[in-house]
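A.B. asks: Take a look at this one; I'll ask things after.
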Amino acid sequence: MGIHVEAEKAYWVGFNLVKGIGAARVRLLLDAFGDLQSAWNASPAALQAAGLGPKILETLLKVRTDVSLEKVWQRIQAQGIQVLTWPDEDYPPRLLEVPQPPPVLYLRGALSPEDLWSVAIVGTRRITAYGKQVAEEIASQLARSGVTVISGLARGVDGLAHQAALQNGGRTLAVLGSGVDRIYPPEHRRLAEQIIEHGALISDYPPGTSPDSANFPPRNRIISGLARAVIIVEAGKTSGALITAAFAAEQGREVFAVPGSIYAPQSLGANLLIQQGARPYLNCQDVLEILNMVQVSEQRTVRSVLPGDAFEARLYSLLGNEPLHVDEIGQQTDLPIEKISSTLVIMELKGLVRQVGGMQYIAVREASEPYELE
């Protein structure tokens, strides 16, 4: 085969074209063969011995016969679509943490380190005037606070959230239930182009995949997986937004729901979520504080001008989830308290640590980028 550039990645795409081969089977193949190029070229007997059942094996062999990976890869490149796989440094770290993350992501646009600070806003397509007002207000305030807004490009809440984020100078990511080259709904094509300029369109479905009702519920796990929290604006009792909320809860994300009228069908789902333990959304400041996002812009600025040194790295490795007083840190490190205190102030601005009262500090690892010293 004539694939030359990023050859191994093309084989990830190849397996992504095989219906029934997802995260679990990709891990199985990697364990058995070491890499997906070897798995793709393996004999049927070796693939069966690795654990592929007869039906999946038949499907794989047909795709392997019918599809030219070289041509598929060339089309992807020609469309300017970026392909991310598990080993890639640019694969979203928050998504990589969830159970069975998608082995392949297709992107139009670009991800940014800023997207670590992100919140998903989802809800009904049949939005009310109240829902419209709230969705626009939440997305606008988050964008102005430097938080990336994630949604699904659908009509109603999703589209309004993307638009409000863009109008307020923010970044936004749209996760699709189709290929990133197949925009749905069609009236959101212009919006999609704007998102590409200030964020990204993302899908785990191969380019060319048409929008299908069966595709949308599974993609919701990516919406919640990318985000630090999910806000349900309006959702009926059977809304797809409730699926996103369920994924968010499983993934350990915060779930907020906007309280609504007990008489409004669009608020039934959101109100039920609150009854089941979701946080009622009352104002944006609550979200920012709960997620330690109040100082997002300050954290970014300080990170860019004050890179970590060995002293910060030492303090960071010492701290964990249990509060530690500066005096205890001094005893364990045999370092001057004044130096410890001043460094912790800088690290708090970076979002790496948080003071929990009485000069006691904890590390904030989930809220920040991996902190490593070269």
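A.B. asks: Let me spell out the model: positive unit charges on the Cβ of Lys and Arg, negative unit charges on the Cβ of Asp and Glu, origin at the Cα centre of the chain. What dipole size does that give, in debye rounded to 20? Walk me through the intermediate numbers first.
C.D. replies: Working: 33 positive and 40 negative charges, 324 e Å.
So the magnitude is around 1560 debye.
A.B. asks: I would also like to ask the following. Which entry in [x] 161; [y] 152; [z] 135 matches volume of the Cα convex hull per residue in Å³ derived from the coordinates of this structure?
C.D. replies: So the structure-derived entry is [x].
A.B. asks: Tally Lys/Arg at +1 and Asp/Glu at -1 over every other residue whose Cβ is under 9 Å from the Cβ of residue 56; what's the total? Don't jump to the answer; show the numbers that get you there.
C.D. replies: Values: positive: 19, 25, 55; negative: 58.
Around residue 56, the surrounding residues sum to +2.
A.B. asks: Please compute the contact order of the chain in relative form: average sequence separation of alpha-carbon pairs under 8 Å and at least six residues apart, divided by the residue count, as a percent. Walk me through the numbers on the way to the answer.
C.D. replies: Numbers: 646 pairs, mean separation 45.4, N = 374.
Relative contact order, the chain: 12 percent.
A.B. asks: If you line up the long axis of helix 7-16 against the longest principal axis of the chain, both from Cα atoms, how many degrees apart are they, to the nearest 10?
C.D. replies: 80
A.B. asks: Over the chain, give the accessible area per residue in Å² for a 1.4 Å probe, as an integer.
C.D. replies: On the way: 17340 Å² over 374 residues.
I get 46 Å² per residue for the chain.
A.B. asks: Turning to a different aspect of this structure: Enumerate the calculated ³J(HN,Hα) couplings along the stretch 207-213 in order (Karplus 6.51 cos²θ - 1.76 cosθ + 1.60, θ = phi - 60°), each rounded to whole Hz, writing x wherever the residue is Gly or Pro.
C.D. replies: In residue order, the calculated couplings are x, x, 5, 6, x, 9, 4 Hz.
A.B. asks: Rounded to the nearest 500, what is the 222 nm mean residue ellipticity of the chain from helices alone, with -39500 (n - 2.57) per DSSP H run of 4+ residues and division by all residues?
C.D. replies: Details: 18 runs with 173 residues, N = 374.
One gets -13500 deg cm²/dmol as the mean residue ellipticity at 222 nm.
A.B. asks: Within the set of other residues whose C-beta is less than 12 Å from the C-beta of residue 96, count the net charge using Lys and Arg as +1 and Asp and Glu as -1.
C.D. replies: Numbers: positive: 94; negative: 88, 89, 90, 97.
Result for the local shell: -3.
A.B. asks: Within a Cβ distance under 15 Å of residue 39, other residues only, what is the Lys/Arg minus Asp/Glu net charge? Present the calculation step by step, with values, prior to reporting the outcome.
C.D. replies: Working: positive: 9, 25, 27, 64; negative: 8, 31, 35.
Local net charge: +1.
A.B. asks: What part of the accessible area of the chain, given as a whole %, is carbon or sulfur when the probe is 1.4 angstrom? Kindly include the intermediate steps, with their values, before the conclusion.
C.D. replies: On the way: 8780 of 17340 Å².
That fraction is 51 percent.
A.B. asks: Pairing the Cα long axis of helix 240-250 with the longest principal axis of the chain, what angle in degrees results, from 0 to 90 and rounded to the nearest 10?
C.D. replies: 60
A.B. asks: How far is helix 157-167 tilted off the main Cα axis of the chain, in degrees rounded to 10, range 0 to 90?
C.D. replies: Approximately 60 degrees, to the nearest ten.
The values are calculated or read from the model by the stated rules, or taken from the named source; none is laboratory data. None of the values given here were measured: they were computed from a predicted structure. No Cβ is skipped: glycine too gets one built from the backbone with ideal geometry, and neighbour counts run over all protein chains shown. Calculation scope for accessible area: heavy atoms of the full protein, side chains included, ligands and nucleic acids excluded. Shrake-Rupley method; radii C 1.70, N 1.55, O 1.52, S 1.80 Å.
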